[in-house]
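The values are calculated or read from the model by the stated rules, or taken from the named source; none is laboratory data. Fair warning: this is a prediction, and the values are worked out from it, not measured in the lab. Virtual Cβ from ideal backbone geometry, glycine too; neighbours counted across all protein chains shown. Ligands, DNA and RNA are excluded from the accessible area calculation, which covers all protein heavy atoms including side chains. Shrake-Rupley method; radii C 1.70, N 1.55, O 1.52, S 1.80 Å.
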Amino acid sequence: MNRLALLALTALLSQASAVTITIATVNNPDMVTMQKLTPEFNKKYPDIQVKWVTLPENELRQKITLDVASGAGSFDIATVGAYEVPIWAKNGWLEPLTPLFGKNPDIVKSYNLADVLPGVRSALTVGGSLYAVPFYAESSMTYYNKDLFKAAGLTMPAQPTWTQIQTFASKIHNPAKGVYGVCLRGLPGWGENMALFTTMVNTFGGRWFDQGWQAQLNTPAWKNAMTFYVNLVKKYGPPGATGNGFTENLTLMSQGKCGMWVDATVAAGFLSDPSSSKITKSVGFAKAPVGTTARGNNWYWSWNLAIPKSTKQEDAAF
């Protein structure tokens, strides 16, 4: 056999022995960065090919839930939230990772679990076993454009109130010049606009349920928060706000089109990066707004990588 034929045969055999894993993930910028690191992974594991399925958050949640619950096995790794992990673990839908760490001492050396914040780790642990590893964790905060504030003669306090946010927005809002007072999530979805709106309800003194699990959606606090939110977005937000979630507002803010934006802390890195933001020198940071109370003005969230029980490529996925 000549050398060319041998090389061709070797390549064919390599392809035949290669394992393909499919990863389902949300289309947030950080996950795009993760995908760009695929060649680095391939250098270390040339026998594992990676296929990415990237979807908007609402669609991702539907597809992964259906697939994992039915055991269809379409995905070998799924990006799941801190909310789903303990529920899915108790349902037996996810592989426990603690035993897999025990079988892979080389990974234990390179992935320091003790370096993961205890609060994040505990949220992903059920019955003493870890069921997902965090890709990132976040809370919420206020971003503002210091140049726009200076031009309007405004000063952002370290702890703004929602009433102050509204006042600032009214003075900055200039749609004729493509500048909007405030950008907030308006895209429907419990992981989209309801993430923000729930914190607003909290600070207006409302809650979803009382201690007896009676729904509280018809209380004055809910009505006040809802009215305030709708008026704020309609009067001082960008057009088409019902189509804007995290990613869309990140783009608007980074292009200098928003006076303020209340959203995930994970966005700070992108707004401070010259390769993805035009406002790196003018972006300011403050705490998430409060209302009649400061209780519940922040959220906690993490996006995590989990291995569904239905995978047939457990070792490669891990």
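Below, the figures for the structure above:
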quantity: Some residue of segment 166-179 being in a loop (DSSP other than H, G, I, E, B) and either open to solvent by less than 30 Å² (accessible area, probe 1.4 Å) or farther than 18 Å from residue 236 by Cβ (or both); calculated: yes
quantity: Failed criterion for residue 55 (all others in (1) out of contact with any Lys or Arg (no Cβ under 8 Å at 6 or more places or on another chain); (2) over 16 Å from residue 316 (Cβ atoms) hold); calculated: (1)
quantity: Some residue of segment 141-160 being touching a helix residue (DSSP H, G or I) at 6+ places or on another chain (Cβ under 9 Å), among the polar types (S, T, N, Q) and farther than 30 Å from residue 200 by Cα; calculated: no
quantity: Count - residues of segment 42-85 that are more than 25 Å from residue 190 (Cα to Cα), in a helix (DSSP H, G or I) and either modelled with pLDDT of 95 or more or of a type in the set (S, T, N, Q) (or both); calculated: 2
quantity: Check on residue 223, within 26 Å of residue 204 (Cα to Cα), open to solvent by 20 Å² or more (accessible area, probe 1.4 Å), basic (Lys, Arg) and touching a residue at least 24 places away in the same chain (Cβ under 8 Å); calculated: no
quantity: Filter result (open to solvent by 60 Å² or more (accessible area, probe 1.4 Å) and either modelled with pLDDT under 95 or in contact with a strand residue (DSSP E or B) (Cβ under 8 Å, 6 or more places away or on another chain) (or both)) within segment 273-293; calculated: 275, 285, 287
quantity: Positions within segment 118-154 being under 20 Å from residue 77 (Cα atoms), open to solvent by less than 50 Å² (accessible area, probe 1.4 Å) and not in a loop (DSSP other than H, G, I, E, B), in sequence order; calculated: 120, 123, 126, 129, 130, 133, 134, 136, 137
quantity: Residue that is most open to solvent (accessible area, probe 1.4 Å) [pool: residues in segment 64-117 that are over 20 Å from residue 136 (Cα atoms) and of a type in the set (A, V, I, L, M)]; calculated: 66
